[in-house]
Amino acid sequence: MSPEASADASPDAEDANVIGRRRFLRWVSGIGSAVIGILVGVPVIRSFLSPALGKTKPSRWIKVAEDIALIDLGVPVRAGFVQDESDAWVEAQVEEAVWLYTDDGEKFKAYNSHCTHLGCSYGYDKASNTFLCPCHRGQFDVKTGAVLAGPPPRPLDTLPVEIRDSAVFVDYTNFRPGVPQKVSA
Amino acid sequence: MGALRRWLDERIDLASLREELVDRKMPGGLTWWHTLGSATLAVFVVQIVTGVVLAMYYAPSPDHAYDSVRYLEHTVVSGALLRGIHHWGASAMIVLVCAHMVRVFSMGAYKYPREINWLLGVGLLFLVLGFGFTGYLLPWDQKAYWATQVGTNIAGTTPLVGGLLSTLLRGGTQLGAATLTRFYALHVLLFPILLGVFALLHLALVIRQGIAPRTPVLDTEAPRRTSDPAYPAYYRERYARSKGAGVRFWPDIIAKDIVVAAVVVVVLVLLAHFAGAGLEAPADPTDTQYVPRPEWYFLPFFQLLKLVPGSLESAVAVGVPAALAVVLVALPFFDRGSMRSLWHRPVAAGSLGVLLGGVALLFGAALRSAPPPSSVNELGAPLNEMQLAGRTLFKAHSCTSCHALGDLKPDTSSGAIPNAPDLTEVGLRHSAAWMHSFIEDPGRFHPDSKMPTFGPPKLTHQEIEDIAQYLSSLRGKNWATAKPEIQDTFPPPVKRTENP
């Protein structure tokens, strides 16, 4: 018989020693499990949440038009450009566009070319002199970007514009569609 | 809480489940060696959890695999730590599985009635090795590519079916895109399922049969052989007696298991944090200089292959693992002696000693014959860790396709930018700080410089600094005595018009 077995025969010893020992072992098990959980859980959860923890991208000024003199007055102009985009680990060049509008050739408005409803590319409708989104018939004012008709929850997203040496630069950002606030995507 | 327990109890009888799993009686006096199996299980769970998130940031194709791993290392929050834990977890699995196996062998625990569980364990061992082999390729760096090249070639030397085997492993005749997806599918789909099923069966049998008791319990007055018809009755009586010590699974036994698992996890995280997982230059199938070396746990085998003459190589390469598998599978069926303590099993003790000794000798030899981990630059000057990292990046970005360095001359026929300065003595002319600024934005220094810009996001500042440190080690053929004469000129600071 082992010594543990003979000690077990006495019920008093079981009460005092074994119960105290088991409480200690439960406590040790709890601490050990917590250590494992925290050490592995924290990096796992942090890396899973990484996209949400990331900082917002710095603004990128892009030349969208070479010469302001060539831009029509009172009519919106679509200015396309190619942007180097890093999509996670994939380096790609994506084609994007902005709509430029000017009344006087001095003050410019630039609109992100995605509809604020669900992100479709909208076009210019000559007949009504408005922006018209083909997806769900969203309609916007060309001068202000205000919603004239349809489901869009907010006006068109305006972008900061700068004229440098008669070229037009736009601080290009995409915004989250479908919500009333203008928040970057 | 109490109400919920009662509600569940009435339906699925938790109480008896608890009695069977949590409160079950165990043989007394289990040692710390008995915790190795559960520690392996704990690391397996860690591997699953970390592996799931790793898979979210991984693209199994040769054109993106390396970049995605690099993205994980540099951009994902805690990504490097996560990958480090998984990398070292793989090593821990191998160590723990082998140690567990040696424990089970030395205590005779594979004998009656646990032969089936030994077989499941052998299956688990080969699955863990398979995990290591397939996981190794995934980062698609030099080490991954060349170690897999060698590994699949070894399979290719099998008599009769060699060609078929290596074609199946590679998903084609060449190591490439189809190999990567194949290894990926095995590593993240098939092997986890198999390992999970085997581990569950392994555990279920441990619970069903009870853990093997300490050796003395079954070594007195036993029939000589386990095949003796009297043995099962003897075994049952002795085993029941060994459970009389009043030891319960929870918390008497599990506490030790958790402590060991926690220590293992702490060591893993420390290794992941301080040593990391490492990432060499991207795989370059045209590299003729690279000396492939397998992961450390395949080193003894690698060394054995180096020792045998060429004509025997294929026999050993395939024969040794096959023989090992056969011996492990057959072991519980030909070893029917009833003695369990190694003291009473001279042949078993001798074999184990020879095997462990042999592996240790091979391992030592492999470590000693290791090429100095190329810790010198092309001119022979020693490099520190930062400079080594810089050298890897320097190669990865093919700097020598335009710049000459020592005996490496750019290939002017292949579209190299002409007149790129020779870098052999660049460390004598420029400081690391100057080179850092230059690499970051060459155009600032020479408006007509043809050198591409390497500033962020192309390279991080840390990576540029590594390269600059490496470049400053390039001090010509007489690097030991040459005195640097730094002639740095910095351009005037410019206002960036791009970011007003």
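Tabulated data
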item: Label-to-label distance, nm, for residues given as B:E237 and A:L73 (7 Å Cα→Cβ offset); result: 11.4
item: Residue-level accessible surface for B:R293, protein heavy atoms, 1.4 Å, Å²; result: 50
item: For the protein assembly as shown, cysteines whose Cβ has no other cysteine Cβ within reach (under 4.7 Å); result: B:C98, B:C399, B:C402
item: Positions from the stretch B:231-246 whose accessible area shrinks by 50 Å² or more when the full protein complex is built, not the chain alone, probe 1.4 Å; result: B:A245
item: Solvent-accessible area buried by A and B, counting both chains, probe 1.4 angstrom, square angstrom; result: 2900
item: Residues of the stretch A:21-41 buried by at least 30 Å² on assembly (accessible area, 1.4 Å probe, chain alone as reference); result: A:R22, A:L25, A:R26, A:V28, A:S29, A:I36, A:L39, A:V40
item: Neighbour cut-off at most 11 other Cβ (10 Å), DSSP loop, chymotrypsin sites (Phe, Trp or Tyr not before Pro), the stretch B:393-485; result: none
item: Span-rule helices in chain B, defined as complete DSSP H runs reaching 18 Å or more along the axis (Cα) with Kyte mean at least 1.6; result: B:36-56, B:191-209, B:254-274, B:310-334, B:346-368
item: Theoretical ellipticity at 222 nm over chain A - DSSP helices of four or more residues, -39500 (n - 2.57) apiece, nearest 500; result: -7500 deg cm²/dmol
item: Residues along the stretch B:38-53 losing 40 Å² or more of accessible surface when the other protein chains are present rather than the chain by itself (probe 1.4 Å); result: B:V53
item: Cα-Cα pairs of the protein assembly as shown separated by more than 43 Å (percent); result: 47
item: Within 10 Å of each Cβ in B:315-323, the average number of Cβ atoms from other chains; result: 0
item: Angle between chain A longest axis and helix A:19-53 axis [Cα atoms, degrees, rounded to 10]; result: 10
item: Chain A - percent relative contact order, Cα under 8 Å, separation 6 or more; result: 17
item: Relative contact order of chain B, defined on C-alpha pairs under 8 angstrom at six or more residues apart (%); result: 18
item: Within chain B, helix-based [θ] at 222 nm, where runs of 4 or more DSSP H residues each add -39,500 (n - 2.57), nearest 500; result: -18500 deg cm²/dmol
item: Which of B:M451, B:M56 is most accessible, then next, and so on - probe 1.4 Å; result: B:M56, B:M451
item: Of all accessible heavy-atom area on chain B, the percent that carbon and sulfur account for (1.4 Å); result: 66
item: Solvent-accessible area, 1.4 Å probe, carbon plus sulfur percent, for the stretch A:61-171; result: 50
item: Dipole of the protein assembly as shown, positive direction: furthest Cα of A:S33, B:F301, B:W250, with charges on the beta-carbon; result: B:W250
item: Accessible area in square angstrom per residue, chain B, 1.4 angstrom probe; result: 52
item: Per residue, in Å², the accessible surface of the stretch A:61-171 once ligands and nucleic acids are set aside, probe 1.4 Å; result: 50
item: Among the listed pairs B:K409/B:K477; B:K395/B:K458; B:K25/B:K243; B:K450/B:K477; A:K107/A:K143; B:K25/B:K111, those beyond 18 Å (Cα-Cα); result: B:K450/B:K477; B:K25/B:K111
item: A:K182, A:K126, reordered so the largest accessible area comes first (probe 1.4 Å); result: A:K126, A:K182
item: Largest-first ellipsoid semi-axes for the stretch B:34-86, taking √(5λ) over the Cα gyration tensor eigenvalues, angstrom; result: 27, 11, 8
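The values are calculated or read from the model by the stated rules, or taken from the named source; none is laboratory data. None of these values were measured; they are calculated from a predicted model. We place every Cβ from the backbone using ideal geometry, glycine too, and count neighbours over all the protein chains shown. Accessible surface areas use protein heavy atoms only, side chains included; no ligands, DNA or RNA. Shrake-Rupley method; radii C 1.70, N 1.55, O 1.52, S 1.80 Å.
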